[in-house]
Amino acid sequence: MPITSPTGVERISLRGGRICVDFVNTVDNRGTAHAVEYFTSYADVVAWGHHTGLVPEERARRLLAEAERHPKQAYAVLTHVVTLREVLYRTFLAAAEGAPAAAADVDAINEALSHAMARARLIPADDGYMWAWEEDDTALDAPLWPVVRSAAELLTSAELHRVHLCSSEDCGWLFLDTSKNRSRRWCAMEGCGNRAKARRHYQRTRAQL
């Protein structure tokens, strides 16, 4: 059986450019009356983690089983996931707008980072060492650990200034602009970009009538 979720988050597009940006993009049509929340249960969080490759299938199943045994703890983790996602969204959006993040949001990221990195480990690799995480199937917040580290790495890199907000009025997604001339405007041209082009064409046609 595949790892699925009530909201279908396992089918969400991963176009943010960094896993932490994909994480904040788990709300569609953000800020509109038609906003769609993809994290409505702990199963959604696990399904997203598996979809992104952060959580292997067998570990995903073990986390889901643990969540069934401890539903209150799973709900608390879900609440924390959504809260942290909004913290990261505000922080990245501030960067996209050339503004400083709120001090409270930075504090929240630091607290999450301290907790996550306490679970990080160095393990031998073919050409040296690599990062790994504790294999603790009772830690329901495990899918968050690599997200928080990804956020810290982006926030401390020169690429932070490449974070942009999609120009579509009804999208709200962020993305990392990796184009050479930093001219990308849409989270995806085949989605928001094409819809914007269609709207402009319609408006020009209407103006000529």
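Val55: part of a loop (DSSP other than H, G, I, E, B) and either surrounded by 22 or more Cβ atoms within 10 Å (Cβ to Cβ) or in contact with a helix residue (DSSP H, G or I) (Cβ under 7 Å, 6 or more places away or on another chain) (or both), yes or no? In short, yes.
Here's the yes/no breakdown for (1) part of a helix (DSSP H, G or I); (2) modelled with pLDDT under 95; (3) of a type outside the set (Phe, Trp, Tyr):
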residue	(1), (2), (3)
Ala101	no, no, yes
Leu113	yes, no, yes
Asp137	no, yes, yes
Ser150	yes, no, yes
Glu159	yes, no, yes
Ser179	no, yes, yes
Arg184	no, yes, yes
Cys192	yes, yes, yes
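When the stretch 82-112 is limited to residues that are touching a residue at least 40 places away in the same chain (Cβ under 8 Å), more than 16 Å from Gly31 (Cα to Cα) and in contact with a Leu (Cβ under 6 Å, 6 or more places away or on another chain), the one that is surrounded by the most Cβ atoms within 10 Å (Cβ to Cβ) turns out to be Ala95. Restricting the first member to the stretch 1-17 and to residues that are within 21 Å of Cys187 (Cβ to Cβ) and touching a residue at least 12 places away in the same chain (Cβ under 8 Å), and the second to residues that are of a type in the set (S, T, N, Q) and not in a loop (DSSP other than H, G, I, E, B), the beta-carbon pairs closer than 9 Å and six or more apart or on different chains are Leu14/Thr52. Here Ala74 passes the criteria (1) crowded, with 18+ Cβ neighbours inside 10 Å; (2) touching a strand residue (DSSP E or B) at 6+ places or on another chain (Cβ under 8 Å); (3) of a type in the set (Gly, Ala, Ser) except the one numbered (2). Filtering the stretch 61-81 to residues that are in contact (Cβ under 8 Å) with a residue 24 or more places away in the chain and polar (S, T, N, Q) leaves only Gln73. Taking the stretch 127-183 as the range and being in contact with a Gly (Cβ under 9 Å, 6 or more places away or on another chain), surrounded by fewer than 19 Cβ atoms within 10 Å (Cβ to Cβ) and of a type in the set (Ser, Thr, Tyr) as the test, the residues that pass are Ser167, Thr178. Evaluate the following for Thr32: is it closer than 22 Å to Pro2 by Cα and not in a helix (DSSP H, G or I)? In short, no. The residues listed here are Pro124, Pro146; of these, the one that is outside any loop (DSSP other than H, G, I, E, B) and touching a Leu at 6+ places or on another chain (Cβ under 6 Å) is Pro146. Residues of the stretch 111-133 being farther than 15 Å from Leu54 by Cα and not hydrophobic (A, V, I, L, M, F, W, C), which ones? Once the filter is applied, which keeps residues that are farther than 15 Å from Leu54 by Cα and not hydrophobic (A, V, I, L, M, F, W, C), the stretch 111-133 yields Glu111, Ser114, His115, Arg121, Pro124, Asp126, Asp127, Gly128, Tyr129.
Checked against the criterion of being among the small types (Gly, Ala, Ser), within 23 Å of Gly49 (Cβ to Cβ) and either at pLDDT 95 or above or touching a Lys or Arg at 6+ places or on another chain (Cβ under 6 Å) (or both), the stretch 78-95 has no qualifying residue. Pairs meeting the criteria (first residue in the stretch 124-138 and within 24 Å of Ala60 (Cα to Cα) and in contact (Cβ under 8 Å) with a residue 40 or more places away in the chain, second residue of a type in the set (Asp, Glu) and surrounded by 11 or more Cβ atoms within 10 Å (Cβ to Cβ), beta carbons under 9 Å, at least 6 apart or on different chains) are Asp137/Glu66; Thr138/Glu66.
The values are calculated or read from the model by the stated rules, or taken from the named source; none is laboratory data. The structure displayed is predicted, hence computed values, not measured ones. Heads up, the Cβs are rebuilt from the backbone with ideal geometry, glycines too, and the neighbour counts pull from every protein chain shown.
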